[in-house]
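J.: So that we are looking at the same thing, I have put the structure below in structure tokens.
The values are calculated or read from the model by the stated rules, or taken from the named source; none is laboratory data. Bear in mind the structure is a predicted one, so any value in this text is a computation, not a measurement. We place every Cβ from the backbone using ideal geometry, glycine too, and count neighbours over all the protein chains shown. With ligands, DNA and RNA removed, areas are computed over all heavy atoms of the protein, side chains included. Shrake-Rupley method; radii C 1.70, N 1.55, O 1.52, S 1.80 Å.
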Amino acid sequence: DAKTTQPTSMDCAEGRAANLPCNHSTISGNEYVYWYRQIHSQGPQYIIHGLKNNETNEMASLIITEDRKSSTLILPHATLRDTAVYYCIVRVGSTLGRLYFGRGTQLTVWP
Amino acid sequence: NAGVTQTPKFRVLKTGQSMTLLCAQDMNHEYMYWYRQDPGMGLRLIHYSVGEGTTAKGEVPDGYNVSRLKKQNFLLGLESAAPSQTSVYFCASSYVGRGFSPLHFGNGTRLTVT
């Protein structure tokens, strides 16, 4: 599985967009990009995933560069409840839960 | 619909003691997984199961055993606890089928081995 690189921490003002970057320069053609987050003391929560097209759901948008070597998770209007560790994961399909979570990005949303 | 439920939420063990962590899911998912999370280490897969009666090793299986006697339950056992097994343990489940299935996680069991 391709490894990912994320900043250790970021912060964002409440109500503003939070843009979380992820580098995955060794990604292969059949690997998806997944994003999960973990709010303190809770289990990880699935946010969004994509292969090569940009994706949007009720929680966030995922922008994947044309060469697929990096992506950005966008929380359009961050709230205090979005404060969490965000994990970018690259994996083939969705098989068997063998997702390498790494250390993620600690996002802190300020009032 | 409770999702994934883990019991107990907290436990303190002495070195050498044994215990079983229980994971139950009510979503009729085929796949279930056990992870451990240590500070600065992200989540590491211990064991997983692709169906009732089947289990397989993950990244860090040593010192743990698992059983999946019923589809909805996945048990993680520590036969002789060691301080290195102090961690937060997460259970997760997912379904098998067309399309993508995200992992659904429980809220963890915090285990301290003294």
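J.: Of all residues in segment B:34-57 being under 11 Å from the mean Cα position of the chain (by Cα) and farther than 12 Å from residue A:101 by Cβ, which is nearest to the other protein chains (Cβ to nearest Cβ)?
T.: Filtering segment B:34-57 for residues that are under 11 Å from the mean Cα position of the chain (by Cα) and farther than 12 Å from residue A:101 by Cβ, the one nearest to the other protein chains (Cβ to nearest Cβ) comes out as B:48.
Yes/no per residue for (1) crowded, with 19+ Cβ neighbours inside 10 Å; (2) in contact with a Leu (Cβ under 9 Å, 6 or more places away or on another chain); (3) not hydroxyl-bearing (Ser, Thr, Tyr):
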site	(1), (2), (3)
A:21	no, yes, yes
A:30	no, yes, yes
A:36	yes, yes, no
A:39	no, no, yes
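J.: Between A:74, A:89, A:48, A:27, which is assigned to a loop (DSSP other than H, G, I, E, B) and either within 15 Å of residue B:103 (Cβ to Cβ) or hydrophobic (A, V, I, L, M, F, W, C) (or both)? Show your work before the answer.
T.: On the way: A:74 fails: assigned to a loop (DSSP other than H, G, I, E, B); A:89 fails: assigned to a loop (DSSP other than H, G, I, E, B); A:48 fails: assigned to a loop (DSSP other than H, G, I, E, B).
Answer to the check: A:27.
J.: Among the residues of segment B:40-96, how many are among the aromatic types (Phe, Trp, Tyr) and in a strand (DSSP E or B)? Steps first, answer last, please.
T.: From segment B:40-96, those among the aromatic types (Phe, Trp, Tyr) are B:48, B:64, B:74, B:89-90, B:95; that's our starting set.
So of that shortlist, the ones also in a strand (DSSP E or B) come out as B:48, B:74, B:89-90.
Total meeting the criteria: 4.
J.: Run residue B:27 past the list (1) touching a residue at least 24 places away in the same chain (Cβ under 8 Å); (2) of a type in the set (A, V, I, L, M, F, W, C); (3) farther than 26 Å from residue A:39 by Cβ and report the number of the one that doesn't hold.
T.: (3)
J.: Can you tell me which residues in segment A:51-71 are outside any loop (DSSP other than H, G, I, E, B) and farther than 18 Å from residue A:15 by Cα? Show your work before the answer.
T.: Taking segment A:51-71 as the starting set, the residues that turn out to be outside any loop (DSSP other than H, G, I, E, B) are A:55-56, A:61-64, A:70-71.
Result: A:55, A:56, A:62, A:63, A:64, A:70, A:71.
J.: Another question about this same structure. Somewhere in segment B:18-39, is a residue open to solvent by less than 20 Å² (accessible area, probe 1.4 Å), in contact with a Ser or Thr (Cβ under 8 Å, 6 or more places away or on another chain), outside any strand (DSSP E or B) and more than 27 Å from residue A:6 (Cα to Cα)?
T.: Yes.
J.: Please specify each residue of segment B:42-98 satisfying the condition of being of a type in the set (Gly, Ala, Ser), open to solvent by 20 Å² or more (accessible area, probe 1.4 Å) and out of contact with any helix residue (DSSP H, G or I) (no Cβ under 9 Å at 6 or more places or on another chain). Let's see the steps before the verdict.
T.: If we filter segment B:42-98 for residues that are of a type in the set (Gly, Ala, Ser), which is where we start, we get B:42, B:49, B:51, B:53, B:56, B:58, B:63, B:67, B:77, B:80-82, B:84, B:87, B:92-94, B:97.
This time we only want the ones that are open to solvent by 20 Å² or more (accessible area, probe 1.4 Å), so: B:53, B:56, B:63, B:67, B:80, B:82, B:84, B:97.
Residues satisfying the conditions are B:53, B:67, B:80, B:82, B:84, B:97.
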